[in-house]
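The values are calculated or read from the model by the stated rules, or taken from the named source; none is laboratory data. Just so it is clear, the structure is predicted and the values come from calculations on it, not from any experiment. We place every Cβ from the backbone using ideal geometry, glycine too, and count neighbours over all the protein chains shown. Surface accessibility is based on the protein's heavy atoms, side chains included, excluding ligands, DNA and RNA. Shrake-Rupley method; radii C 1.70, N 1.55, O 1.52, S 1.80 Å.
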Amino acid sequence: MLKNNLGYPRIGEKRELKRACEDFWAGKIDEDRLVEVGRAIRLGNWALQKDLGIDLIPSNDFSFYDQVLDHSLMFGVEPARFEALRHYSALEKYFAMARGFQKEGYDIKALELTKWFDTNYHYLVPEFGPYQTFHLAQTKVIDEFLEAKAQGINTKPVLIGPISYLLLGKVKNADYRALDLLDRLLPVYQQLLTKLSELGADYVQIDEPFLAMDIGYIEKEAYRKAFHAIRKAVPNLKIILTTYFEGLENNTLAAVNLPVDVLHIDLIRGDLDAVLDRLNENTALSLGVIDGRNIWKTNYTKALQLVQRAAQKVGFDRLMLAPSCSLLHVPIDLDGEKALHPELKEWMAFAKQKLNELAELAEIVKGNTEALEENKKVFARREASELIHNPDVKRRLSESASTNLKRKSAFLDRLDAQNRLLQLPAFPTTTIGSFPQTKAIRALRRKWKKGEVSDLEYENELKRETAELIRWQEEIGLDVLVHGEFERNDMVEYFGELLSGFAFTENGWVQSYGSRCVKPPIIFGDVERKRAMTVNWAKYAQSLTNRPVKGMLTGPITIMKWSFVRNDQAEHETRKQIALAIRDEVLDLEEAGIRIIQIDEAAYREALPLRNEKRAAYIEMATEAFCLASSGVRDETQIHTHMCYSDFNSIVSKIEQMDADVITIETSRSQMALLEAFGKHRYPNEIGPGVYDIHSPRVPSVNEMVSLLEKASEVIPKERLWVNPDCGLKTRAWPETEQALRNMVDAAKQMRN
Ligand code: GLN
Ligand code: ZN
């Protein structure tokens with residue numbers, strides 16, 4: 001069985017690419033130097049994979065910023081506004097498309113950035129304009145193939161397939177659908193693949209993740225057409241049609257009938273048998289049995305069962321072994337982690353270790369039982385580990401089955417009690433929680449973590465910041481205040497560090513977009529709140545003012561979505577454990593005299609499953625977790641939630657079931673269009689539609705915000721409206737924040753009059 005790797009992280013083991021890119025942008029290194037860093041990473045990755053015995057080593061999985069943008073440049077898909085930059089180098093223009101270009105008299109907006117399916121990776125959205133055409137404008141994929149070949153490695157070039165490429169894009173200023181462009185795009189694929197075949201490529205990987213999504217007849221027809229055209233152009237090039245992130249399900253028949261040599265399926269998320277039953281005899285199968293989305297070791301016993309089941313049906317020689325998807329979504333190397341608990345470390349595998357698993361698994365299939373036995377032992381130790389199991393948490397969880405998930409009274413009764421207690425004006429103003437984290441605060445935290453600043457000093461400094469912020473919020477006239485979250489580096493990490501069952505890596509970086517990387521916490525065991533996590537900060541802030549200060553918590557859905565989650569129990573169990581910990585915190589905050597408690601579910605929408613049929617179950621469980629966390633309070637305690645991102649159309653009725661007294665959402669960029677869903681559905685509770693976009697330094701005028709609020713009051717009764725920005729202000733600078741919030745308060749005052 002050939003060992004087939006789909007893609008390897010390209011940021012570099014020590015984030016060399018990040019540093020080099022940022023240095024290049026800052027003018028500290030020249031283009032040659034940056035190109036050299038990229039080349040060194042590619043050569044290193046290829047050599048590593050060769051050493052590990054990978055048979056199908058990917059090329060063109062490298063990118064200076066984003067692989068989708070690479071394809072746009074390759075196909076000549078370049079919006080007209082970038083033409084002005086023709087005097088700049090190709091690489092500079094590339095970065096301009098990725099990041100915008102605001103210097104030397106230019107002010108050109110970047111391409112839109114959005115999430116790559118349900119990952120935390122962001123890609124640059126191809127922008128198709130009027131009279132869009134395609135041509136082979138760049139030869140990156142060929143160059144990198146030849147670069148590897150010169151090292152004696154015949155790689156498997158990776159391309160995003162034509163259908164997925166088009167579906168990832170957006171048509172702007174023209175009236176057609178992206179797929180209508182297929183006929184124009186296909187000749188470029190034909191040309192490119194012919195060239196690769198002529199240059200000696202044996203295999204090519206064509207990624208078509210949309211084949212594992214909900215698609216209809218038109219898309220399936222497009223697939224048929226595209227792959228027949230490709231087949232015709234390169235009858236001898238072996239095509240690996242690659243799908244991931246979901247199973248093929250209702251697209252299985254369409255997929256197996258495409259004229260390709262190998263079909264890759266994600267067996268972490270998808271089903272094997274339906275594919276086996278329908279696979280035709282000329283197609284081989286690449287089995288994605290190693291989880292490319294998580295950091296746990298592969299259970300060889302289970303993987304082996306899948307492989308054997310497949311082999312029974314189609315024979316070993318028609319099978320390949322593979323990770324479920326590109327390894328882009330996991331950190332690079334576990335070996336470098338010195339601080340992780342050794343027991344924990346034994347259960348984990350990062351990208352490099354996963355390739356090694358591929359090799360071991362191939363050996364096991366051949367009959368080498370040693371690695372299999374060792375793996376069984378690891379899993380037995382993990383299952384029995386005291387690190388994971390906390391009987392108190394398990395007991396609490398089973399008792400929680402009888403917890404009442406509903407608030408004590410219905411919303412309108414609670415509202416009465418809350419109004420009496422809070423005495424807020426109409427159109428109450430508030431913010432989402434965080435305020436600018438200045439360089440000074442970040443530097444202080446770094447020093448404190450290194451032990452260079454004492455706990456007391458750190459706390460006093462942050463208290464000073466908090467006190468100043470409370471004073472300032474009072475001065476500008478905000479109604480509901482926040483403490484500012486200065487003590488938090490990150491809204492998930494902060495809680496992870498205070499809860500048991502979480503671990504943190506030193507170097508477990510995963511690319512998020514461009515040079516930006518994130519280091520997700522790892523939830524490995526039962527989650528328990530050891531002590532109150534936010535009460536002191538909330539109490540301190542509240543002691544400084546008579547106005548209500550919101551308690552600020554991160555909800556279970558968001559904590560899970562932005563972490564690597566244990567896979568040895570159902571996710572819902574883990575979610576409930578976290579929800580119970582938050583519930584306790586909520587009650588402690590209430591006890592401490594906090595009248596409003598916000599539970600952020602920033603990632604609620606983002607965590608929605610890719611496939612429609614899985615959504616209902618997710619929503620139900622997510623609602624249950626939120627209610628478990630929030631329902632314990634008294635009527636007069638007001639529960640807020642905040643959700644980022646857009647498009648609530650299909651889920652408003654579900655959000656209603658969460659029964660938060662107030663929800664704040666991101667709506668300003670869509671000019672309140674998002675609110676319509678809430679209006680149409682007659683969402684009963686209170687809403688704070690964000691009236692300004694915190695993702696940009698731009699200061700909105702009073703009039704602008706007034707007109708947004710007027711628009712909002714057309715769909716939502718005005719006595720239910722709150723006035724707030726559309727997300728936290730952490731990444732903003734002070735001057736613009738100050739002005740924008742003053743304007744916002746003025747806008748609310750105008751509305752009251
Ligand atoms: N309370 C958080 C903050 O203001 C919410 C952040 C978010 O929604 N991403 O930073
Ligand atoms: Zn947000």
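From the list G593, G555, G551, exactly one residue is in contact (Cβ under 8 Å) with a residue 40 or more places away in the chain and under 30 Å from V510 (Cβ atoms). Which is it? I'd like the intermediate steps shown before the answer.
Numbers: G593 fails: under 30 Å from V510 (Cβ atoms); G551 fails: under 30 Å from V510 (Cβ atoms).
Unique residue meeting the criteria: G555.
So H695 clears everything in (1) away from ligand 1 (no atom under 16 Å from the Cβ); (2) in a loop (DSSP other than H, G, I, E, B); (3) free of Cβ contacts under 8 Å to residues at least 40 places away in the same chain except one condition, right? Which one?
(1)
Which of the residues spanning the range 728-753 are under 18 Å from F427 (Cα atoms) and within 16 Å of ligand 1 (Cβ to nearest atom)? Before the answer, list the steps.
Here is the first cut: in the range 728-753, the residues under 18 Å from F427 (Cα atoms) are 740-753.
Across the range 728-753, the qualifying residues are A740, L741, M744.
Any residue that is in a helix (DSSP H, G or I), under 20 Å from R442 (Cα atoms), of a type outside the set (D, E, K, R) and away from ligand 1 (no atom under 13 Å from the Cβ) - is there at least one of those in the range 513-521?
Step one: of the range 513-521, the residues in a helix (DSSP H, G or I) are none.
For the range 513-521, residues in a helix (DSSP H, G or I), under 20 Å from R442 (Cα atoms), of a type outside the set (D, E, K, R) and away from ligand 1 (no atom under 13 Å from the Cβ): absent.
Got a number for residues in the range 379-416 being under 30 Å from the mean Cα position of the chain (by Cα) and among the hydrophobic types (A, V, I, L, M, F, W, C)?
Residues meeting the conditions: 6.
With the requirement that a residue be assigned to a loop (DSSP other than H, G, I, E, B), away from ligand 1 (no atom under 11 Å from the Cβ) and within 17 Å of L422 (Cβ to Cβ), what does the range 472-491 give you?
G477, L478, D479, V480
Please list, ordered by residue number, the helices (runs of 4 or more DSSP H) wholly in the range 549-639 having 1 or more residues that are farther than 27 Å from R395 by Cα and open to solvent by 20 Å² or more (accessible area, probe 1.4 Å).
Values: elements: 556-561, 571-591, 612-630.
It comes to 612-630.
Do you know which residues across the range 690-738 are within 21 Å of L113 (Cα to Cα) and either more than 30 Å from the chain's Cα centre (by Cα) or open to solvent by 60 Å² or more (accessible area, probe 1.4 Å) (or both)?
Result: H695, P697, R698, T731.
Could you please let me know if A440 is assigned to a helix (DSSP H, G or I), open to solvent by 40 Å² or more (accessible area, probe 1.4 Å) and more than 16 Å from ligand 2 (Cβ to nearest atom)? It would help to see each step written out before you state the result.
Numbers: assigned to a helix (DSSP H, G or I): yes; open to solvent by 40 Å² or more (accessible area, probe 1.4 Å): yes; more than 16 Å from ligand 2 (Cβ to nearest atom): yes.
It is true that A440 is assigned to a helix (DSSP H, G or I), open to solvent by 40 Å² or more (accessible area, probe 1.4 Å) and more than 16 Å from ligand 2 (Cβ to nearest atom).
Given the structure, is S500 within 20 Å of the chain's Cα centre (by Cα), surrounded by fewer than 21 Cβ atoms within 10 Å (Cβ to Cβ) and hydroxyl-bearing (S, T, Y)?
No, not satisfied.
Could you check G152 against (1) modelled with pLDDT of 95 or more; (2) touching a Leu at 6+ places or on another chain (Cβ under 9 Å); (3) not polar (S, T, N, Q) and say which number it fails?
Going through the list (1) modelled with pLDDT of 95 or more; (2) touching a Leu at 6+ places or on another chain (Cβ under 9 Å); (3) not polar (S, T, N, Q), G152 breaks only (2).
Is it fair to say Q205 is within 18 Å of A284 (Cα to Cα) and out of contact with any Leu (no Cβ under 6 Å at 6 or more places or on another chain)?
Numbers: within 18 Å of A284 (Cα to Cα): yes; out of contact with any Leu (no Cβ under 6 Å at 6 or more places or on another chain): yes.
So Q205 passes the test.
Which residue is least open to solvent (accessible area, probe 1.4 Å), if the candidates are limited to the range 101-121 and must be free of Cβ contacts under 8 Å to residues at least 24 places away in the same chain and over 22 Å from the mean Cα position of the chain (by Cα)?
F101
Can you tell me which residue within the range 669-679, out of those that are buried (at least 18 other Cβ atoms within 10 Å of the Cβ) and in a loop (DSSP other than H, G, I, E, B), is farthest from ligand 1 (Cβ to nearest atom)?
Once the filter is applied, the top-ranked residue is M672.
Please work out which one of (1) touching a Lys or Arg at 6+ places or on another chain (Cβ under 8 Å); (2) open to solvent by less than 30 Å² (accessible area, probe 1.4 Å) is the condition L91 fails and give its number.
The one condition L91 does not meet is (1).
Of all residues in the range 66-100, which are assigned to a loop (DSSP other than H, G, I, E, B), in contact (Cβ under 8 Å) with a residue 24 or more places away in the chain and in contact with a strand residue (DSSP E or B) (Cβ under 8 Å, 6 or more places away or on another chain)?
D66, V77, P79
From the list M560, M552, M533, which one is over 30 Å from D23 (Cβ atoms) and either out of contact with any helix residue (DSSP H, G or I) (no Cβ under 7 Å at 6 or more places or on another chain) or modelled with pLDDT under 95 (or both)? Quick ask: steps written out before the conclusion?
Values: M560 fails: either out of contact with any helix residue (DSSP H, G or I) (no Cβ under 7 Å at 6 or more places or on another chain) or modelled with pLDDT under 95 (or both); M533 fails: either out of contact with any helix residue (DSSP H, G or I) (no Cβ under 7 Å at 6 or more places or on another chain) or modelled with pLDDT under 95 (or both).
Matching residue, one of M560, M552, M533: M552.
Among the numbered criteria (1) more than 16 Å from ligand 1 (Cβ to nearest atom); (2) on the phi < 0 side of the Ramachandran plot, which one does I432 miss?
(1)
Test K680 against the criterion of being basic (K, R) and closer than 25 Å to F486 by Cβ, and give yes or no. Steps first, answer last, please.
Details: basic (K, R): yes; closer than 25 Å to F486 by Cβ: no.
Considered against the rule, which asks whether it is basic (K, R) and closer than 25 Å to F486 by Cβ, K680 comes out as no.
Just name the residue that is nearest to R10 (Cα to Cα) out of those in the range 26-39 that are assigned to a helix (DSSP H, G or I) and open to solvent by 60 Å² or more (accessible area, probe 1.4 Å).
In the first step, residues of the range 26-39 are kept if they are assigned to a helix (DSSP H, G or I); the result is 31-39.
Of the ones still in play, those that are also open to solvent by 60 Å² or more (accessible area, probe 1.4 Å) are 32-33, 35-36, 39.
On the way: D32: 18, R33: 17, V35: 13, E36: 14, R39: 10 Å.
So, considering only residues that are assigned to a helix (DSSP H, G or I) and open to solvent by 60 Å² or more (accessible area, probe 1.4 Å), the one nearest to R10 (Cα to Cα) is R39.
Looking at R615, R583, R595, which is the one that is more than 16 Å from ligand 2 (Cβ to nearest atom), of a type in the set (K, R) and within 22 Å of N120 (Cβ to Cβ)?
On the way: R583 fails: within 22 Å of N120 (Cβ to Cβ); R595 fails: within 22 Å of N120 (Cβ to Cβ).
Testing whether each residue is more than 16 Å from ligand 2 (Cβ to nearest atom), of a type in the set (K, R) and within 22 Å of N120 (Cβ to Cβ) leaves just R615.
In the range 147-186, which residues are open to solvent by 30 Å² or more (accessible area, probe 1.4 Å) and not in a helix (DSSP H, G or I)?
The answer is A150, Q151, G152, N154, K170, V171, K172, N173, A174, D175, Y176, R177.
Looking at this structure, is P323 touching a residue at least 24 places away in the same chain (Cβ under 8 Å) and either surrounded by 24 or more Cβ atoms within 10 Å (Cβ to Cβ) or of a type in the set (V, I, T) (or both)? First the steps, then the outcome.
Working: touching a residue at least 24 places away in the same chain (Cβ under 8 Å): yes; either surrounded by 24 or more Cβ atoms within 10 Å (Cβ to Cβ) or of a type in the set (V, I, T) (or both): yes.
When the stated conditions are applied, P323 passes them.
Filter the range 640-668 down to the residues that are away from ligand 2 (no atom under 12 Å from the Cβ) and open to solvent by 10 Å² or more (accessible area, probe 1.4 Å), then identify the one that is modelled with the highest pLDDT.
Filtering the range 640-668 for residues that are away from ligand 2 (no atom under 12 Å from the Cβ) and open to solvent by 10 Å² or more (accessible area, probe 1.4 Å), the one modelled with the highest pLDDT comes out as D659.
Within the range 680-692, is there a residue that is out of contact with any Lys or Arg (no Cβ under 9 Å at 6 or more places or on another chain) and assigned to a helix (DSSP H, G or I)?
yes
Which members of the range 698-731 meet the condition of being away from ligand 2 (no atom under 16 Å from the Cβ), in a loop (DSSP other than H, G, I, E, B) and among the acidic types (D, E)?
none
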